[in-house]
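Data block below; observations after.
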Amino acid sequence: MTLLRPRPGITADVQALLEELDASLAGSEGLLMSFVTEVESNRLGRVALWHTKDDANREATRDHVLALRSRLRFLSVDTQEVLMEVKSGHVSPDLASMLAGDLDAASKAELAEPDVA
């Protein structure tokens, strides 16, 4: 999990870097899901769920990922990066099926592009 507070006036740039980081990790072995979010009006975040800690660490040390993370820290007044291991929890059956790749193509498309009113 990454939480950061962009320097004044460059929130859009930091958001774009977070999205670039997210896109560069898409398809990485062991990545189950990830997303970029606005935590508060002046904070942004990125959350990634990995199959193993080793998967996360392997990808975090790629040159391109290290460069993006360095730029994010430079453009932020406050950055927190936390690696947490899940010891217990709950996953809904629908999400578990999606993570396991058990949904049909129509269901996957529906989840990927929710209706916006």
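For this structure, a couple of remarks:
- The set of residues from the range 108-117 being exposed (fewer than 10 other Cβ atoms within 10 Å of the Cβ) and either part of a helix (DSSP H, G or I) or at pLDDT 60 or above (or both) comprises just one member, Ala112.
- The residues of the range 39-51 include none that are surrounded by fewer than 12 Cβ atoms within 10 Å (Cβ to Cβ) and modelled with pLDDT of 90 or more.
- When residues of the range 67-80 are limited to those that are within 19 Å of Ala26 (Cβ to Cβ) and within 15 Å of the chain's Cα centre (by Cα), the one surrounded by the fewest Cβ atoms within 10 Å (Cβ to Cβ): Arg69
- Selection of the range 52-66 for residues being acidic (Asp, Glu) and either within 15 Å of Asp22 (Cβ to Cβ) or open to solvent by 50 Å² or more (accessible area, probe 1.4 Å) (or both) yields Asp54, Glu59, Asp63.
- Note on the range 81-107: among residues that are of a type in the set (D, E, K, R) and either loosely packed, with under 12 Cβ neighbours inside 10 Å or more than 26 Å from Ala16 (Cβ to Cβ) (or both), the one that is modelled with the lowest pLDDT is Asp104.
- At least 2 residues being of a type in the set (Val, Ile, Thr) is the threshold, and among the strands (runs of 3 or more DSSP E) wholly inside the range 1-81 those reaching it are 31-40, 76-81.
The values are calculated or read from the model by the stated rules, or taken from the named source; none is laboratory data. Not measured: the values here are computed from a predicted model. A quick note on method: Cβ atoms are made from the backbone with ideal geometry, for glycine too, and the neighbour counts reach across all protein chains shown. Please note that ligands, DNA and RNA were not included when accessible areas were found on the heavy atoms of the full protein model with its side chains. Shrake-Rupley method; radii C 1.70, N 1.55, O 1.52, S 1.80 Å.
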